[in-house]
Amino acid sequence: MIIFYDHLLDLETLDQELSAYLPDAQERAEIVSIMDASLHHAVMDVIFTSLPTDAHELFLMQFHADPGAPEHFDLLRRYRPLIEDDIRSTAHTTKRQFLDTIHAD
């Protein structure tokens with residue numbers, strides 16, 4: 001499923017970086033899948049923290065109807081003009097923490 005903010009997560013580089021630690025492609029795909037879910041939760045936290053409580057239901061209804069619609073950014077920008085930067089930053093931090101954990105083992 002395509003999510004409207006996927007292009008901000010840069011999961012391709014995650015797979016490339018993981019290849020240095022995990023040469024097995026299947027193992028890497030499983031880790032990327034887990035990381036994708038973790039990133040989704042982190043991004044949703046950014047989104048709901050940025051929205052006022054009374055806009056949560058509206059966002060959820062629109063998101064549920066079409067998760068890939070780029071128009072979701074229109075609603076989010078009303079409350080947080082630089083929401084894409086926040087999502088990018090959160091994704092970067094989350095991925096870095098994840099890779100640091102793998103590298104430490």
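The values are calculated or read from the model by the stated rules, or taken from the named source; none is laboratory data. If you're wondering where the values come from, they're calculated on a predicted model, not measured in any experiment. Cβ atoms come from the backbone with ideal geometry, glycine included; neighbour counts cover every protein chain shown. Side chains included, ligands, DNA and RNA excluded: accessible areas come from the protein's heavy atoms. Shrake-Rupley method; radii C 1.70, N 1.55, O 1.52, S 1.80 Å.
Binning all Cα-Cα separations of the chain at 5 Å, short to long from zero, yields these whole-percent fractions: 2, 12, 22, 22, 16, 11, 8, 5, 2, 0. Would region 32-75 count as rounded, prolate or oblate if I go by the C-alpha gyration tensor, calling it rounded below 1.5 in a/c and otherwise prolate when a/b exceeds b/c, oblate otherwise? Oblate. What you get for region 17-62, charging only the Cβ of Lys and Arg (+1) and of Asp and Glu (-1), is a dipole of about 60 debye around the Cα centre.
Round to the nearest 10 and give me the degree value, 0 to 90, for the angle of helix 83-104's Cα axis relative to the longest principal axis of the chain. So the helix axis and the longest Cα principal axis differ by about 20 degrees.
Surface exposure of the chain, expressed per residue as accessible area with a 1.4 Å probe, stands at 62 Å².
The accessible surface of the chain, taken with every protein chain in place and a 1.4 Å probe, is 54 percent carbon and sulfur.
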